[in-house]
Amino acid sequence: MTDVLNVLIEGFDPKKVEENFEVSSKWREIQSAYQNNTILTAELVGFETLKLNDKKEICGIVRFDEIKGIIPLFESGLDLEDKQAVNKFRSLSGKKIAVKVLHYDTAGNMFIASRKQAKDQMAEITLRKIDVGYNIYCVAREVEQGHVVGDIGGIDVHIPVFDLTFGWVEDLRDLYKTGDHIKVQVTEIDKEKKEVKVSAKPLLKNPFPDCATRYAKNGEYVATVSGVANYGVFCNLEKGVDSLAPHLKFQNVQKGDRVLVRVINVDVTKEQIRAKIVKVL
């Protein structure tokens, strides 16, 4: 039994215990967000399969102290036609996500929320604020070998490897991980489709054409193998500068090997250096 029996007590002052009967500060925060159409941030702490509208749905669970928030998969903000939608939802576990309160039940100590509607509202705000040439931070949501999918205020952006770095990168997962903050510049905006393109390269120092003065034709230089492709071997000479060399006839090299390369050609216009591996160190 949790209720406090109300009896007459000499010297009892109700004002001294009235906080016990007040709505908790977290409930006030939830109710305020619902009434004012604002966004809350909460950690995604788990998943449950619940019956909603006579149908079982996978739901994400967030908590505000002891108050349980439920986010159905269809309110996750993910593409439900994507077969990996559930796995992508799970990949957000332990991370803070933005949500909007759709319905709350103080008696049941729970509320229904939508990440999708929160992202849509954030996207509208972002599109009003940004313009081409603006610098903004992008939070990495997915990191794959050749691209990063990030978030810039409710808008998902797809950043290919060539927009993230100069030089050759075999696997972006060696450079970035989920949750990393990447400074990027807005390069294109389609407000009707709510699509934005960004690139990190305008904010990085391009090693060309300066590096061309450091590598002479027929000169030999120590390099590190940065990647092996079907059409050749990439050898890193300095940060952002990789030469492309043919495969060796009688020996294989692998990423991380140190080699001596001979420069065959430096093309400043194409920002390319062709070379030949003359020795594996």
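The values are calculated or read from the model by the stated rules, or taken from the named source; none is laboratory data. If you're wondering where the values come from, they're calculated on a predicted model, not measured in any experiment. With ideal geometry, Cβ positions are generated from the backbone for all residues, glycine too; neighbour counts draw on all protein chains shown. Just so you know, the surface numbers come from the protein's heavy atoms only, side chains and all, with ligands and any DNA or RNA stripped out. Shrake-Rupley method; radii C 1.70, N 1.55, O 1.52, S 1.80 Å.
Numbers below:
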{"read-out": "Cα long-axis angle, helix 115-129 against the chain (0 to 90 degrees, to the nearest 10)", "value": "60"}
{"read-out": "For the stretch 204-210, 3J(HN,Hα) per residue [Karplus equation, 6.51 cos²θ - 1.76 cosθ + 1.60, θ = phi - 60°, Hz, x = Gly/Pro]", "value": "9, 7, 6, x, 8, x, 4"}
{"read-out": "Per residue, in Å², the accessible surface of the chain once ligands and nucleic acids are set aside, probe 1.4 Å", "value": "63"}
{"read-out": "Cα-based Rg / Dmax (Å) for the chain", "value": "27.7, 100"}
{"read-out": "Dipole in debye (nearest 20) - the chain, about Cα centre, beta carbon charges: Lys, Arg +1; Asp, Glu -1", "value": "1360"}
{"read-out": "Long-range HN-HN contacts of residue 180 with modeled amide H, under 5 Å", "value": "140"}
{"read-out": "Gained length - residue 281 relative to residue 80, 0.36 nm times residue gap less alpha-carbon distance", "value": "67.2 nm"}
{"read-out": "Cross-link reach list, lysines versus residue 68, counting only Cα pairs under 22 Å and skipping chain neighbours closer than eight places", "value": "26, 51, 55, 56, 88, 95, 96, 100, 116, 119"}
{"read-out": "Relative contact order, percent, the stretch 180-278 [alpha-carbon distance under 8 Å, six or more residues apart]", "value": "23"}
{"read-out": "Derived scalar couplings ³J(HN,Hα) [the stretch 189-194; Karplus, 6.51 cos²θ - 1.76 cosθ + 1.60; whole Hz; x for Gly, Pro]", "value": "9, 10, 5, 5, 8, 6"}
{"read-out": "Rg/Rg_ref, the stretch 199-281, where Rg_ref = 2.2 N^0.38 Å and atoms are Cα", "value": "1.07"}
{"read-out": "Two-decimal ratio, the stretch 224-267, of alpha-carbon radius of gyration to 2.2 N^0.38 Å", "value": "1.07"}
{"read-out": "Relative contact order %, the chain, counting alpha carbon pairs below 8 Å whose residues are six or more apart", "value": "10"}
{"read-out": "Cα Rg, Dmax (largest Cα-Cα span) when computed across the stretch 130-264, Å", "value": "17.6, 56"}
{"read-out": "Over the stretch 143-189 - Rg/Rh using Cα atoms and the Kirkwood inverse-distance radius", "value": "0.94"}
{"read-out": "At most 12 other Cβ within 10 Å, DSSP loop - chymotrypsin sites (Phe, Trp or Tyr not before Pro), the stretch 172-281", "value": "231, 250"}
{"read-out": "Cα-based reach from residue 217 at 17 Å (exclusive), listing aspartates and glutamates while leaving out same-chain residues under 8 positions away", "value": "238, 242, 267, 271"}
{"read-out": "FRET efficiency, residue 220 to residue 197 (Cβ-Cβ, R0 45 Å, nearest 0.05)", "value": "0.65"}
{"read-out": "With DNA, RNA and ligands ignored, accessible area of residue 222 (1.4 Å probe; Å², nearest 10)", "value": "70"}
{"read-out": "J(HN,Hα) series, the stretch 72-81, from Karplus relation 6.51 cos²θ - 1.76 cosθ + 1.60, nearest Hz, glycine and proline x", "value": "x, 4, 6, 10, 7, x, 9, 6, 6, 7"}
{"read-out": "Contour excess over end-to-end distance, with Cα ends at residue 188 and residue 106 and 0.36 nm allotted per residue", "value": "25.0 nm"}
{"read-out": "Amide hydrogen neighbours beyond the local backbone of residue 168, cut-off 5 Å, H modeled", "value": "242"}
{"read-out": "Equivalent-ellipsoid semi-axes of the stretch 78-175, from the Cα gyration tensor, Å, largest first", "value": "30, 19, 10"}
{"read-out": "Amide H within-cut-off set for residue 195, under 5 Å, with H built and near neighbours excluded", "value": "190"}
{"read-out": "In Å², nearest 10: area of residue 110 left accessible to a 1.4 Å probe", "value": "40"}
{"read-out": "Solvent-accessible area, 1.4 Å probe, carbon plus sulfur percent, for the chain", "value": "48"}
